[in-house]
Amino acid sequence: MDVRFKIAPSGISVDESGLKFDISDFDGYAVEAALQIKEKQADPAASEVVVISLGPDVVQETLRKAMSMGADRAVQLKYDGPIHDSYAIASALAAELKGGSYDLVMFGRMSIDTANQATGTIAAELLGLPIITAISKLDIEGGRVKARRELEGAYELVECPLPAVVTIDEGIARPRYPSLKGIMAAKKKPLESKPAQVGEERYKLDKMELPPERAAGRIIGEGKDAVPELVRLLKEEAKVL
Amino acid sequence: MANTNVFAFAESRGGELRRAALEAVTAARGVADSTGGQVHAMLAGAPGIGGLAAKLAACGADVVIVVESAGLANYNPEAVAATVAARLSSGAYRAAFFVASAQGRDLAPRVAAKCQLPIASDITEFTVSGDAVAVKHPGYTGKVIQSFTLRAATAIISLRPGAVLPKDNAKAGTVEAVAPAIDPSSARVVVTATVQSEGAKLDLGEAPVIISGGRGLKEAANFKLVEDLAAAFGNAAVGATRAVTDEGWRPHSDQIGQTGRLVSPQLYIACGISGAIQHLAGMRTSKTIVAINRDKEAPIFKIADYGIVGDVLEILPVLTAAVKEAKKGA
């Protein structure tokens, strides 16, 4: 169901009443892909999947969901205000990731709200790690990442050594549904909350507006008999034929 | 003294210029005309890529920085990013334009990080003034238009594909050859192959007409009808809804919508598509929208300029024949 979408009186955020928050599509794929890599290890118990989210306390719900899917522990980088500067967000994430000695860091290729598709890449650069972005296939072989990236009308095969960062596109893995057992287990898994070290914001949201409405649609007819009229309108009115 | 020159990254693939290159140069030209500076466009690729410089000059490049190396035959993200960043750090640019294609979305944030600059991503409108740049970006899957201010000596702007239409505005295009800032063979990230997808003749981002199919087509084989209509137009690409790509009827790369491609063609024909919000997010900025759907209550009809209610399988062959006829007369 699509909930009514409203801009809050501040003009720079969304009215969140009645909205339900969930893990975003791409982040869901990333969590699933991470769990599959762990499960493929000779000794899965020896590796750990950690989920990290930056945001207000509502992100804890998302982190619990990832843990109910199977992630081992979670970290919330607490930040209450709206933030859109990818560089500032990436700085805070890189500061957290730095000490973690992770072999592989996975991001969703973009968020659904701001859709900048920049944060993961900037974090990787700040960490000095190689990054492959927007991958739709992933294999780990002999200490190397082997991935596929979709381009416009083509694709690339890309490799880099571990440790590395990847950002995840569609097609990589369908996220599993948390089992009841998983949901119960997630309640006991550790979730650490600490303040986000967000840098200076140099990219600031001034206002949000609803997009201009398209003129109301027009049904020109029914069935194949309407085709000549459509072709005439495309030619004479829209001038696209 | 504020910076006046403007940088544009000229995207290429397999030795061919991408339309994104001309969009970036055209955007840069507009800003340079207001700052009184020059447009410097960078072209990177295998030896010989410099031959494309004239096309950038035609769109307004005063200088074409040509970076040629055998190690740049495939896109080399680390070497290209390092070379662009080195140029921006030394060049006193007011703004640097990229286009948020698959390559541009990879490259621009790398450059921003290396230059320690903020980035404005997926931008549909921009105004460069004194010390600030005002930009617009559709957020929340196109449900809102967000206005931002970017404060930086050099504004890194990644444009939504199609936001700026390439315009002829011929300038000198003086070629300046530059070596890659790092040895391309030392890059950790290596593109081992670039493979053309089967059947992809015209890209969704570049096609003036898109014919898109949804679940109303009932089965994968019926996409032939969509392809036939695209062929009748001659300048059309084929897209699909997420339901269709999830079913495996079409590749994921064909998906138009919130999690797929965002397109704004001159003409969008939605065939058997109900118009879920996630699909509308990817195509609602199309100039003219046509919808063919059995259900007259389908949300797609609310945004379609022209709707036909009926069976898409019956209507498509008739429309294809009519378009062929119209093209013949044109």
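Before moving on, here are some points about what is shown:
- Scanning region A:172-188 for residues being surrounded by 16 or more Cβ atoms within 10 Å (Cβ to Cβ), over 23 Å from residue A:116 (Cα atoms) and out of contact with any Gly (no Cβ under 7 Å at 6 or more places or on another chain) gives a total of 2.
- Conditions (1) facing chain A (nearest Cβ under 10 Å); (2) surrounded by fewer than 23 Cβ atoms within 10 Å (Cβ to Cβ); (3) closer than 17 Å to residue B:163 by Cα: number failed by residue B:286: (2)
- Residues that are of a type in the set (S, T, N, Q) and either away from chain A (no Cβ under 14 Å) or touching a residue at least 40 places away in the same chain (Cβ under 8 Å) (or both), drawn from region B:133-180: B:141, B:154, B:158, B:169, B:174
- All strands (runs of 3 or more DSSP E) inside region B:33-148 with 2 or more residues being of a type in the set (Gly, Ala, Ser) and surrounded by fewer than 22 Cβ atoms within 10 Å (Cβ to Cβ): B:132-139
This table checks each residue for (1) part of a helix (DSSP H, G or I); (2) free of Cβ contacts under 8 Å to residues at least 60 places away in the same chain; (3) not hydroxyl-bearing (Ser, Thr, Tyr).
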position: A:12; (1), (2), (3): no, no, yes
position: A:18; (1), (2), (3): no, yes, yes
position: A:21; (1), (2), (3): no, yes, yes
position: A:34; (1), (2), (3): yes, no, yes
position: A:45; (1), (2), (3): yes, yes, yes
position: A:60; (1), (2), (3): yes, no, yes
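- Screening A:206, A:169 for residues that are in contact with a Ser or Thr (Cβ under 6 Å, 6 or more places away or on another chain), surrounded by 19 or more Cβ atoms within 10 Å (Cβ to Cβ), touching a residue at least 24 places away in the same chain (Cβ under 8 Å) and among the charged types (D, E, K, R) leaves exactly one candidate, A:169.
- Restricting region A:135-159 to residues that are within 24 Å of residue B:99 (Cα to Cα), hydrophobic (A, V, I, L, M, F, W, C) and more than 7 Å from chain B (Cβ to nearest Cβ), the residue that is surrounded by the fewest Cβ atoms within 10 Å (Cβ to Cβ) is A:135.
- Filtered residues of region B:310-328 (kept if at pLDDT below 95 and touching a strand residue (DSSP E or B) at 6+ places or on another chain (Cβ under 9 Å)): none
For every residue, the table says whether it meets (1) within 14 Å of chain B (Cβ to nearest Cβ); (2) surrounded by fewer than 24 Cβ atoms within 10 Å (Cβ to Cβ); (3) out of contact with any Leu (no Cβ under 6 Å at 6 or more places or on another chain).
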| site | (1), (2), (3) |
| --- | --- |
| A:24 | yes, yes, yes |
| A:53 | no, yes, no |
| A:57 | no, yes, yes |
| A:66 | no, no, yes |
| A:70 | no, yes, no |
| A:82 | yes, yes, yes |
| A:101 | no, yes, yes |
| A:110 | yes, no, yes |
| A:122 | yes, no, yes |
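- Within region B:189-232, restricting attention to residues that are charged (D, E, K, R) and surrounded by fewer than 15 Cβ atoms within 10 Å (Cβ to Cβ), the residue that is nearest to the other protein chains (Cβ to nearest Cβ) is B:201.
- For region A:168-241, the strands (runs of 3 or more DSSP E) that sit wholly inside it and include 1 or more residues that are under 26 Å from residue A:22 (Cα atoms) are A:191-195, A:203-209.
- Failed criterion for residue A:115 (all others in (1) crowded, with 22+ Cβ neighbours inside 10 Å; (2) more than 23 Å from residue B:278 (Cβ to Cβ); (3) at pLDDT below 95; (4) of a type in the set (A, V, I, L, M) hold): (2)
- If the condition is being facing chain A (nearest Cβ under 7 Å) and more than 20 Å from residue B:238 (Cβ to Cβ), then region B:304-330 contributes B:305, B:307, B:309, B:310.
- Total residues in region A:215-240, condition in contact with a strand residue (DSSP E or B) (Cβ under 8 Å, 6 or more places away or on another chain) and free of Cβ contacts under 8 Å to residues at least 12 places away in the same chain: 13
- Members of region B:189-242 that are assigned by TED's automatic domain parsing to the domain that holds residue B:260 and of a type in the set (Lys, Arg): B:215, B:218, B:224, B:242
- Residues being within 15 Å of residue B:276 (Cα to Cα) and in a helix (DSSP H, G or I) - total across region B:230-259: 5
The values are calculated or read from the model by the stated rules, or taken from the named source; none is laboratory data. Given the structure is predicted, the values throughout are model-derived calculations rather than measurements. Neighbour counts are summed over all protein chains in view; Cβ atoms, including those assigned to glycine, are modelled from backbone coordinates with ideal geometry.
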